[in-house]
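In what follows, a structure is listed as structure tokens, so that the remarks can point back to it.
Coordinate-derived values only; no laboratory data. All values reported here derive from a predicted model rather than from experimental measurement. We place every Cβ from the backbone using ideal geometry, glycine too, and count neighbours over all the protein chains shown.
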Amino acid sequence: VVAELGSSALFGARFRENAGRALLIPRARPGKRTPLWQQRLKSQTLLEVAKQYGDFPIILETYRECLRDVLDVPGLIDLLTKLHRRELSLVEVETPTASPFASSLLFDYVATYMYEGDTPNAERRAAALSLDRDLLRELLGQDELRDLIDAGALDSVEADLQCRSELTRANNRDGLLDVLRRVGDLSLAEVAQRVLPGSDPEAMLEGLRGERRAARVRINGEERWIDAADAGLYRDALGVVPPGGLPDAFLEAVERPLQELVRRWARTHGPFTTAELRARYDVDPTSALEALEVAGTLVRGELRPGGTEREWCDVDVLRRIRRASLAVLRDEIEAVDQRALGAFLPGWQGVDRHPPAGAGIDRLREALVPLQGLALPVDVWERDVLPRRIGAYSTTWLDQLCASGEVVWVGAGALGRNAGRVALYFRDDAALIGRAGVRGPAPEPHAGPVHDALRAQLAGFPCFFTDLLAELPFAPAELQEALWDLAWSGEVTNDAWAPLRAPKLTLARAQRNAERARPSARRFGARRAAGGQQVQGRWALAAPLFEPLPEPGTQRRTVAELLLERYGVLTREQVLAEAVPGGFSALYSALSDLETLGVCRRGYFVEGLGGAQFALPGAVERLRAARSREDAAGSGDPPIVLAATDPAQPYGAALRWPTRAEDQDAGAGARRPQRVAGAYVVLTGGEPLLYVERGGRGISLLVDSGDARVPAAFAALAAFGTDGRHRLKLGLERVDGEPVVGSPWEQLLVDAGFRAGPRKLTLSA
């Protein structure tokens, strides 16, 4: 932004205003207005001269005003950071007319770009105008490494370098001499900080002085102690008079003494300024610092947290500080409680408590991207998963994506006689993910004459159900039964989603309607009965969707990226719950390659799970932000209701269901929650409190009955069932296996919104 700003019309216009405000463009006649064209010419002439001086204050003020007041770059950085952490979501909207905000920008276009000629023509591509970046950073308060270096890590490294830490302090005279040789000149008070408690630093120094191993000199008007071997160094660098009686070897001339003195100072200090070094020795060290910078020994930048100017630092010291800061960051993301994962996943997957309405089919595409290959019951997709992620859900959106061929579904196993699980894919991604990429191996194929005839017929080209009836000599009910067997096993698919909403409506009803129609002499005058939803769309084999087969390494990497996108933090337990062929070990090499490329990070993020865990950078930052709050588990968050099979609900898959003390006392007879379609879980701060059984006849408490959060969980369940967006109907008969009518829970549930009955409590929208 800084590079392109200098050649923009905005910069020229703001420079003219600032120059006029600073009285650098005087009026030709006092009391009369200068024409605008004349102001522009004077401003352009002034800018051509000012560009030769990078520290010209009006140029710096113009950059500050443009970057901070006009463009609001800090606000942009904050917005992009929240998008990176998925705290905000991006929705693309195309409108026929400009919004009120955009309209104001369009109106200002002419007024802004009429100053396009304010910048010098010859320098229109020279963006920065030889800008003094140091002064601009100081003016804007921008940070370079300040945010990357931890203050505590810096203090710890400096304590070690200065021999002030417990492990580096001296405990005898020999150790104190090593400190003087390493650190350099020290006053008596500074020496006292570098010896162990209980030692007499003055006596130790006098002993070293008597042995001609240490010397007392005066530097910058202060008495300090130095290693006797450095007497020649301080004499040549600072003009210090060495004491008498020292060996000639200690008084030999030193080449580039000031550089040697500055180099030792840098090796034993963190980031420091030129003023600090000048105040210490009362000399100008600029030439020595610049020479060491050219030699690559020192670097300069904004390093110290909380600083306001650029500092110098030794290269090795800076590398050590960075390693220490990285260790602190790893400690900050030290394995969080498992409840934190339960609180993190709904936000990461976009399960909003109050989702935005009217997002449309584009939001549906966005929600389906990380859910590809996930095998869920059909009714769960449209009742619990997709509406929670996109807001006002319409069944026609999914029908449109399937009818256009953009999205395809593949069966992943039957659930009884009337339902089954299906996985959704974008047609372009199906081959890369693979048939068994995320949802495990396909079910066993069915054998029989009807199934074989269907395979042979569909191998040629897709067919409508009426085509199958005309071509194959089997009864409609028998043909339909075999067709759905192949569909649930993943061998056959349809280009419409509507058949899945009523998969087992037999054709007998349609046939009876046709038979009941009155015969007519005119064929086309007869009234015909409509076919059911199960005959809509064209049926085809699913195998061509997964061809050509990708390379095994490419497929593993695709699956690894997909799981990282879905969960943010990927653990061994989540991979096993997804039934990925080969398990976590099969994806480990691909995840390691993604870590090398910087796509993800490896660490131990959630305690109690697999030792090697991988996470996207945005997910790590969200976990770190949650940990920095007063309660990392988020126990103060309001309750949220999720379907038991929702991928944003980790219990029963990546995490174990909690066990109460009451259930342990009950023994093996206690009923355990399961991830089944139609069941719901109420979570608070990532911890499950209630489990609603399939069918809504029973509720199990997953925490102690006296927990203060249980009433709020019941209220959240009642609000979830009565808001009209979720097709949740409960006929509650028992709580924790006991009849609810007449129990202590009855009045609490009635107050929450349940309707009382003679044998059960009901809840519906």
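If the segment from Ala653 to Gln747 were pulled out straight at 0.36 nm per residue, it would be longer than the present Cα-Cα gap by 30.4 nm. Return the FRET efficiency for the residue pair Asp429, Ala279: r is the Cβ-Cβ distance, R0 is 45 Å, and the value is rounded to the nearest 0.05. Once the sixth-power term is evaluated, E becomes 0.10. Taking label points 7 Å from Cα along the Cα-to-Cβ direction, Leu148 and Val73 give a separation of 1.8 nm. With R₀ fixed at 22 Å, the C-beta to C-beta distance from Val328 to Arg602 puts the FRET efficiency at about 0.80.
Extension gain for Asn220 to Ala253 (0.36 nm times residue separation, less C-alpha to C-alpha distance): 9.7 nm.
Summing charges over all other residues whose Cβ lies under 11 Å from the Cβ of Asp646, with Lys and Arg as +1 and Asp and Glu as -1, gives +3. Under the classification rounded if a/c is under 1.5, otherwise prolate if a/b is larger than b/c and oblate if not, where does region 288-328 fall, given a ≥ b ≥ c as square roots of the Cα gyration tensor eigenvalues? Note, shape of region 288-328 comes out oblate. If the chain linking Glu211 and Glu595 were pulled fully straight, counting 0.36 nm for each residue of separation and taking away their Cα-Cα distance, it would gain 132.5 nm. Spin-label pair Leu24-Ala203: with each label point 7 Å from Cα along the Cα-Cβ axis, the two points sit 6.8 nm from one another.
If R0 equals 51 Å, the separation of the Cβ atoms of Ala586 and Leu83 corresponds to a calculated FRET efficiency of about 0.95.
Packing order of peptides 393-400, 471-478, 684-691, highest average first: 684-691, 393-400, 471-478 (average count of other Cβ atoms within 10 Å over each peptide's residues). Projected onto its three principal axes, the C-alpha set of region 637-765 covers 36, 33, 26 Å, listed from the longest axis down.
With each label modelled as a point 7 angstrom along the Cα→C-beta vector, the Ala579-Arg538 pair spans 3.0 nm.
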